[in-house]
Amino acid sequence: MLKLITLLAFAFAACNGDAIQNLERFGSLNKYYYYSNAQRNPITLTEDHFPTGNDPAAPFNNNWDIVVIIHGHSGTATTTINPIVKDAFLRSGNYNVIVVDWSSFSLSTYSTAVMAVTGVGSSIATFLKNLKLPLNKVHIVGFNLGAHVAGVTGRNLEGKVARITGLDPSARDWENNVLRLGTNDAQYVEVIHTDGSGVNKNGLGIAIGHIDFFVNGRLVQPGCTNNLCSHNRAYEVFAATITHGKHYGNQCSTEAEITANNCRGFLVEMGTAKLVKHGSGMFRVNTGMRYPFHL
């Protein structure tokens with residue numbers, strides 16, 4: 001499969017009269033779209049065209065936090081996490097939102113998408129670096145494989161981004177993968193787990209961030225009848241924390257406490273749009289079955 005990816009990348013480069021130099025070529029097909037409350041229709045971004053004060057149709061405001069949203073396998077710029085989380089941020093305040101589309105690989109087989117993660121993330125990092133964005137105002141949000149892409153992105157930015165939120169990071173091929181999302185990838189890494197148990201699980205069921213929230217014990221989510229529904233609940237409940245807040249988790253001492261719903265530690269609020277958060281540990285959050293998922 002790696003050979004197939006390499007051949008595809010070489011084919012693309014050949015069409016452009018270039019040669020493969022590093023894995024970042026796998027992200028050369030990435031697309032980037034900008035949104036704000038002043039610009040609800042997307043503007044396609046390139047390093048030569050970024051909406052600044054010189055573009056009155058969609059000014060990039062240096063006073064606003066920058067949210068970078070990365071979809072997962074089978075996703076695109078207009079499906080799954082992107083419209084829900086993007087709209088949640090824009091409803092809650094003023095943000096510069098960048099939606100990443102890496103569907104040239106994400107719409108391929110899962111194994112092909114996995115092979116592309118490192119190159120896609122490296123390319124995103126270079127893109128953000130070349131735009132000279134203030135990394136202390138950047139919040140990267142990734143779902144499924146996009147969570148690991150977010151990790152690679154942050155790692156290539158020397159862990160200087162303010163925050164990464166990993167939404168049910170993919171488990172298959174990542175449970176023992178040193179390249180997965182981790183605490184060195186940003187100043188603060190928060191992970192929300194919703195489908196991390198059972199043979200058909202999609203998400204990692206283990207703690208990998210500064211703070212890990214295990215929603216309903218990362219078992220079958222209320223109102224869901226299959227793993228995909230529980231997996232997707234990660235971005236749905238995260239969006240709800242942005243628009244409605246008050247989703248608190250109790251600290252847990254062991255994984256057994258998480259599963260048994262026996263966590264009695266102090267409370268920490270899950271998710272939200274806050275750029276700066278602190279803390280560490282595992283927390284269980286219990287939710288309802290309908291948006292905004294309060295009990």
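Below is a table of values for the structure above.
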item	result
Cβ charges +1 (Lys, Arg) and -1 (Asp, Glu), total dipole of the range 130-238, debye	240
Rounded to 10°, Cα long-axis angle of helix 2-15 versus longest principal axis of the chain	40
Spin-label zone in the range 29-49 - amide nitrogen under 14 Å from a point set 7 Å from the Cα of Thr78 along the C-beta vector	33, 41-44
Ile43, Ile258, Ile164 arranged by Cβ crowding within 10 Å, fewest neighbours leading	Ile43, Ile258, Ile164
Computed magnitude of the charge dipole of the chain (debye, nearest 20; Cβ of K, R +1, Cβ of D, E -1)	360
Degrees, to the nearest 10: 81-92 long Cα axis against longest axis of the chain	80
Partners for Lys31 among lysines (Cα-Cα distance below 28 Å; same-chain residues under 8 apart left out)	Lys3, Lys86, Lys129, Lys132, Lys137, Lys160, Lys274
Most positive-pole-ward Cα, Leu45, Ser253, Ile84, against dipole of the chain from beta carbon charges	Ser253
Centre separation in Å (Cα based) which lies between the range 81-144 and the range 174-222	18
Rounded Å value of the spacing that divides the Cα centres of the range 249-271 and the range 148-168	25
Relative contact order (%) - the range 2-285, alpha-carbon pairs under 8 angstrom, separation at least six	15
Thr243-Asn41 pseudo-label distance in nm [points 7 Å out on the Cα-to-Cβ vector]	2.4
P(r), alpha carbons of the range 2-285 - 5 Å bins starting at zero, rounded %	1, 6, 13, 17, 20, 17, 12, 8, 4, 2, 1, 0, 0
Fewest-first sequence of Val117, Val178 by Cβ atoms within 10 Å of each Cβ	Val178, Val117
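No value in this document is a laboratory result; all are computed from the given coordinates. Treat the numbers as computed from the prediction; the structure is a model and nothing was measured. All Cβ positions, even for glycine, are placed from backbone atoms using ideal geometry, and neighbour counts span all protein chains on display.
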